[in-house]
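Asks: Here's a structure for you.
Please treat every number below as a calculation from the coordinates, not as lab data. All values derive from a computational prediction rather than experimental measurement. In this analysis, Cβ positions are derived from the backbone assuming ideal geometry, glycine residues included, and neighbour counts consider all displayed protein chains.
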């Protein structure tokens with residue numbers, strides 16, 4: 001039997017809200033563009049826009065990714081890494097969207113020693129792959145993890161969350177929630193970042 005007590009409902013409400021905020025922040029972090037008129041893209045400039053604008057970033061021309069070509073395209077990304085960091089496999093990361101990660105697992109599953117009973121590990125030649133659902137399709141970024149910056153100002157965020165039952169004020173059967181915080185994405189050492197786009 002399902003318990004519809006107010007406390008349980010609000011717990012579920014906040015879980016759903018947190019998932020939506022997480023998804024929105026992922027999109028903003030990668031595809032944000034303050035010139036856009038579409039929410040949430042318009043909230044701030046994301047990494048893709050900033051990487052494209054920086055001449056020091058190591059650009060690799062992208063193609064439409066498929067299960068047939070993704071391993072060859074990953075090889076191009078790895079080959080573009082500068083010698084100064086290419087050997088730091090424990091620190092290197094490759095970020096890609098969920099569809100590209102799925103293509104990678106599909107392609108890697110036919111390699112020798114690949115298990116057909118479970119997903120192939122998300123790593124390419126010892127470099128960990130990070131799935132970033134907010135990234136544009138056919139886009140990848142490779143660098144050491146410390147070079148990408150995600151900054152949040154969430155001090156006191158618990159006390160800053162306001163939930164208003166609109167039924168008590170306007171009669172609408174609606175709950176509204178508001179919180180305010182600062183969010184920023186950026187990068188350091190652009191000469192160590194490979195951007196496949």
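Asks: How many percent of DSSP beta bridges within the chain run antiparallel, rounded to 5?
Replies: Bridges in the chain that DSSP calls antiparallel: roughly 75 percent.
Asks: Which angle between 0 and 90 degrees, to the nearest 10, do you get for helix 6-31 versus the longest principal axis of the chain when only C-alpha atoms count?
Replies: Computed tilt is about 40 degrees.
Asks: Here is a follow-up. Rounded to whole Å, give me the distance from the Cα center of region 1-76 to that of region 182-197.
Replies: 15
Asks: Output the direction-averaged projected area (hull surface divided by four) of the convex hull of the alpha-carbon atoms of the chain, in nm².
Replies: Approximately 15.9 nm², given one-decimal rounding.
Asks: Between residue 43 and residue 174, what is the label-to-label distance in nm when each label sits 7 Å out along the Cα-to-Cβ direction?
Replies: 2.0
Asks: Hey, what angle do you get for helix 98-108 against the long axis of the chain, alpha-carbon based, 0 to 90 degrees rounded to 10?
Replies: That works out to roughly 40 degrees.
Asks: Sticking with this one: Using Cβ counts within 10 Å as a stand-in for footprinting exposure, how do 85, 70, 130 rank, fewest first?
Replies: Listed from fewest to most nearby Cβ atoms, that is 130, 85, 70.
Asks: Follow-up. Do you know the relative contact order of the chain, to the nearest whole percent, from alpha carbon pairs under 8 angstrom that are 6+ apart?
Replies: 26
Asks: Would you list 96, 146 from fewest to most Cβ contacts within 10 Å?
Replies: Fewest-to-most Cβ neighbours within 10 Å comes out as 146, 96.
Asks: Quick check on the exposure proxy: order 94, 164 from fewest to most C-beta atoms within 10 angstrom.
Replies: 164, 94
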